[in-house]
There are 2 protein chains.
Amino acid sequence: MDPQQSLDAREQRAWSAFVAMRRDLEAALARSLARDGLSVSDFEVLARLVQAPDGEMRARDLAAAIGWDKARLSKHVARMAGRGLVTRREAGDDGRGQIVGLTSHAEQVVAAAGPNHVAAVRRYFFDLIEPDELEVLERVLERINARARGS
Amino acid sequence: MDPQQSLDAREQRAWSAFVAMRRDLEAALARSLARDGLSVSDFEVLARLVQAPDGEMRARDLAAAIGWDKARLSKHVARMAGRGLVTRREAGDDGRGQIVGLTSHAEQVVAAAGPNHVAAVRRYFFDLIEPDELEVLERVLERINARARGS
DNA sequence: CAAGCCTGGTTGCCATGGCAACCATCTTGC
DNA sequence: GCAAGATGGTTGCCATGGCAACCAGGCTTG
């Protein structure tokens, strides 16, 4: 009746630690970003736009880059537009397209939040991982991602 | 202006892979559980209760065990009660306490979903990790969790 | 070029989750 | 024994997210 009957004690420990990590690391990074008035999702959008030419991207491409469903992007961008973080305009060449762009306000926000976020990522992640461990982690992540995406 | 300016190329790759893993692995496990009519959160609650004596736990302890905010547990348990997965009763000794317990229906659901979930965890996680890699992972997780929880 | 299919986005509906306010009980310090 | 503070739960408000339905603008084919 134990739902994890086929995981041995060590695997159970490892899995619990993994689940805890997903929960607590996410929360820690969210708190960090919140100090700059951004959610994790906000930052994902802004970080992509900052790297894009002219600070704007087609909604379809933005969604694909972040790995989001188009509906999720649409709704989140609508909220961000309401907060003055992005603008939206029609794509000239395709009547369906929407071009999402940074506002100057967003540029300032990202300029402030970006370094803080990077610092948090270091503090909660990279600072705790030795180079050889990172190498192992990269290999494992690659396999997990391939399978989770693939099937 | 690059928000990740202080992460080098390799770190950026690793971080992107890590973020993708959180997103896609979570989604894969959620889809797996959904086939048994459960959300990840449902399963977390049920898995704890199944392991508890008499299949019931005090709400406070259940929340602590899962690592949830008391408000979150309260609301989720209310929804689960509505779906006939748990019962709630007052704690005799403490007028504030609520005891959350499994229904017999829930026991059947867990009996079916548990093995499937374990299989998914294997398929998407343990099967992709060699013993020596798991050792590294455990060490890293421990450090990350300590810091994410601690401060 | 017209019917039918494909694509890009938006919206509605519903389940989640965080946070703070609130209420009812304990518990503690005196 | 009681006032003040700590605990345990619930609720309201708001932001998120998934999924499917829907709609308008392309594209393909005969």
Step by step: first the residues of the stretch A:54-74, then only those that are more than 11 Å from every other protein chain (Cβ to nearest Cβ) and of a type in the set (Asp, Glu), then the one that is farthest from DNA strand C (Cβ to nearest atom). Which residue is that? A:ASP54
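Please count how many residues of the stretch A:86-102 are in contact (Cβ under 8 Å) with a residue 12 or more places away in the chain and farther than 16 Å from A:GLN51 by Cβ. Let's see the steps before the verdict.
Applying the first criterion (in contact (Cβ under 8 Å) with a residue 12 or more places away in the chain) to the stretch A:86-102 yields A:86-89, A:91, A:97-102.
When the remaining residues are screened for being farther than 16 Å from A:GLN51 by Cβ, the result is A:87-89, A:91, A:97-98.
Adding up the residues that qualify gives 6.
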Would it be correct to say that A:THR87 is at pLDDT 95 or above and open to solvent by 60 Å² or more (accessible area, probe 1.4 Å)? yes
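If you check B:ARG83, B:ARG88, B:ARG147, which single one turns out to be among the basic types (Lys, Arg) and over 17 Å from B:ALA47 (Cα atoms)? Walk me through how you get there before you give the answer.
Working: B:ARG83 fails: over 17 Å from B:ALA47 (Cα atoms); B:ARG88 fails: over 17 Å from B:ALA47 (Cα atoms).
Result: B:ARG147 is the single residue among B:ARG83, B:ARG88, B:ARG147 that is among the basic types (Lys, Arg) and over 17 Å from B:ALA47 (Cα atoms).
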Among what's in the stretch B:1-53 and is within 14 Å of DNA strand C (Cβ to nearest atom) and touching a Lys or Arg at 6+ places or on another chain (Cβ under 8 Å), pick the residue that is farthest from A:LEU29 (Cα to Cα). B:GLU26
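Keeping to the stretch A:54-67, report how many residues are closer than 19 Å to B:ALA27 by Cα and in contact (Cβ under 8 Å) with a residue 24 or more places away in the chain. Break it down into steps so the answer makes sense when it comes.
Taking the stretch A:54-67 and keeping what is closer than 19 Å to B:ALA27 by Cα, we get A:63-67.
Checking which are in contact (Cβ under 8 Å) with a residue 24 or more places away in the chain leaves us with none.
Going through the stretch A:54-67 one residue at a time, the tally reaches 0.
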Tally up the residues in the stretch B:113-151 that are in contact (Cβ under 8 Å) with a residue 12 or more places away in the chain and either open to solvent by less than 50 Å² (accessible area, probe 1.4 Å) or within 7 Å of chain A (Cβ to nearest Cβ) (or both), please. 7
Taking the stretch A:61-78 on its own, how many of its residues are near DNA strand D (Cβ under 7 Å from one of its atoms), out of contact with any Leu (no Cβ under 9 Å at 6 or more places or on another chain) and not acidic (Asp, Glu)? 4
Could you grab the pairs with beta carbons closer than 9 Å, sequence gap of 6+ or different chains, first residue in the stretch B:31-42 and farther than 15 Å from B:GLN108 by Cβ and within 12 Å of chain A (Cβ to nearest Cβ), second one within 10 Å of DNA strand C (Cβ to nearest atom) and among the basic types (Lys, Arg)? B:SER41/B:ARG72
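The values are calculated or read from the model by the stated rules, or taken from the named source; none is laboratory data. As the structure is a computational prediction, the values presented were derived from the model and not from experiment. Every residue, glycine among them, receives a Cβ derived from its backbone with ideal geometry; neighbour counts consider all protein chains shown. Heads up: the accessible areas ignore ligands, DNA and RNA and are worked out on the full protein's heavy atoms, side chains in. Shrake-Rupley method; radii C 1.70, N 1.55, O 1.52, S 1.80 Å.
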